[in-house]
Amino acid sequence: MMKGQLIFEFVIAALVFFVVLFYVIVYMSGAINTYHLTFKNDNLESRTVRASEIIMTDSDRGVVSRWPVIDSNAMTAFAVSCNDYTSLLNNLELLETTPVQRYYNTNITISDGSGSVLMSCGRDIPPTGTLSSVTRYGYISDTKILAKVSITVW
């Protein structure tokens, strides 16, 4: 076997190896990104559902006296608690106290059957981005009017 032929075969083998390695790296980076986005969306959705559970079932931190009765006094107290946004996020378990403090933004709107807003709380909903929304229904204790509670987290 000649020396030139041996070098040529080595170059071809190395080229095939690096092409396969490059393909695997590109494929893995795409797969990891997909799984990361799926995890992020699932996490956001679970936090939104948890916040809606607190608002609609916890009489101490939410707007209900008992599910599905929305108490007007509790709704007023909840609206006042919205003035301290960090405390609101903490009550709704949307504030992480990890070494790097991370928080989610939220918007909570309670409206009646005709669409009139009875209470709005939190930040304005951005037009773009990853959002998660949950809508719950109950009725106002004094007026027996059907109320729609919309919680959006991003």
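The values are calculated or read from the model by the stated rules, or taken from the named source; none is laboratory data. Note that the coordinates shown come from a computational prediction; the quantities given were computed from them, not determined experimentally. In this analysis, Cβ positions are derived from the backbone assuming ideal geometry, glycine residues included, and neighbour counts consider all displayed protein chains.
Quick one: which of ILE70, ILE151 is within 21 Å of ASP42 (Cβ to Cβ), surrounded by 19 or more Cβ atoms within 10 Å (Cβ to Cβ) and either basic (Lys, Arg) or at pLDDT 90 or above (or both)? Break it down stepwise before answering.
Details: ILE70 fails: within 21 Å of ASP42 (Cβ to Cβ).
Matching residue, one of ILE70, ILE151: ILE151.
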Exercise for the section: Looking for whichever is modelled with pLDDT under 90 and aromatic (Phe, Trp, Tyr) here; the options are TYR103, TYR85. Which one fits? Expected result: TYR103
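Would you please name the residue that is surrounded by the fewest Cβ atoms within 10 Å (Cβ to Cβ), looking only at residues in the stretch 95-134 that are polar (S, T, N, Q) and under 14 Å from the mean Cα position of the chain (by Cα)?
At the first step, the residues of the stretch 95-134 found to be polar (S, T, N, Q) are 97-98, 101, 105-107, 109, 111, 114, 116, 120, 128, 130, 132-133.
Cutting the leftovers down to under 14 Å from the mean Cα position of the chain (by Cα) gives us 105-107, 128, 130, 132-133.
On the way: ASN105: 17, THR106: 23, ASN107: 18, THR128: 5, THR130: 12, SER132: 20, SER133: 14.
Within the stretch 95-134, the match that is surrounded by the fewest Cβ atoms within 10 Å (Cβ to Cβ) is THR128.
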Practice task
Answer yes if at least one residue in the stretch 53-63 is within 18 Å of ARG123 (Cα to Cα), modelled with pLDDT of 95 or more and either buried (at least 19 other Cβ atoms within 10 Å of the Cβ) or in contact with a helix residue (DSSP H, G or I) (Cβ under 6 Å, 6 or more places away or on another chain) (or both), and no otherwise.
Solution key: yes
Exercise for the section: Return the total of residues in the stretch 38-90 being closer than 21 Å to LEU131 by Cβ and among the small types (Gly, Ala, Ser). Expected result: 3
Problem - Residue ID - nearest to TRP154 (Cα to Cα), chosen from residues in the stretch 51-72 that are within 24 Å of the chain's Cα centre (by Cα) and hydroxyl-bearing (Ser, Thr, Tyr) - result: SER52
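Look at the stretch 133-154 and say how many of its residues are outside any strand (DSSP E or B) and closer than 21 Å to THR57 by Cα.
Residues of the stretch 133-154 that are outside any strand (DSSP E or B), as a first pass: 141-145, 154.
Next, only the ones that are closer than 21 Å to THR57 by Cα stay: 141-145.
So the count comes out to 5.
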